[in-house]
1. Looking only at segment 84-98, decide whether some residue is acidic (Asp, Glu) and within 20 Å of residue 113 (Cα to Cα).
2. Is at least one residue of segment 93-115 modelled with pLDDT under 90, touching a strand residue (DSSP E or B) at 6+ places or on another chain (Cβ under 9 Å) and either charged (D, E, K, R) or assigned to a helix (DSSP H, G or I) (or both)?
3. For residues in segment 88-117 being out of contact with any Asp or Glu (no Cβ under 9 Å at 6 or more places or on another chain) and over 18 Å from residue 53 (Cα atoms), which is surrounded by the fewest Cβ atoms within 10 Å (Cβ to Cβ)?
4. Which of the following residues is surrounded by 13 or more Cβ atoms within 10 Å (Cβ to Cβ), under 30 Å from residue 108 (Cβ atoms) and free of Cβ contacts under 8 Å to residues at least 24 places away in the same chain: 73, 83, 56?
5. Run residue 83 past the list (1) at pLDDT 85 or above; (2) in a helix (DSSP H, G or I); (3) within 30 Å of residue 51 (Cβ to Cβ) and report the number of the one that doesn't hold.
Amino acid sequence: MRKRIRKYFRRLEVKYLKPKGFTLLEVLAVIVIMGIIASIAVPSVFAAIDKAKEDVCNLNTSDIEKRYKYHLVFENKTHTDEVFYQYLLQYGGDLCPTDGVISYEDGAVNCSIHPKDTDPDDGKDDNKEAPYL
């Protein structure tokens, strides 16, 4: 009798207690969960990359604008498009990571793809009251 019970438990152990792999339902559940996570994460990553490229372009154009104004003063030149493009060829390099066209208009260096942020408030409230502390 004892032998039969041991044999029975060995069969149970082999058959039910040692799974050999995942079921189709478990695999599908994991794939669905990963898809949901990817659908949330991927757009935010691409938005962060685009924002970083825009920030790099704006910083580069601000820097080249300051250096170009110093160049005009120290070289005792007046601004013309030809002088600006020669300066860009000599010192500019790759200013815009997305290959925007750099131009000098009204005393400011601009990119054709990434316009500078003209509103320093970034959409903040304009009610001019002191904040509550």
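The values are calculated or read from the model by the stated rules, or taken from the named source; none is laboratory data. It should be emphasised that the depicted structure is a prediction, and the values quoted were computed from it without experimental measurement. So basically every Cβ, Gly included, is an ideal-geometry build from the backbone, and we count neighbours across all protein chains shown.
1. Yes.
2. no
3. My answer is 106.
4. One residue alone meets the criteria, 83.
5. Only one criterion is unmet by residue 83, namely (3).
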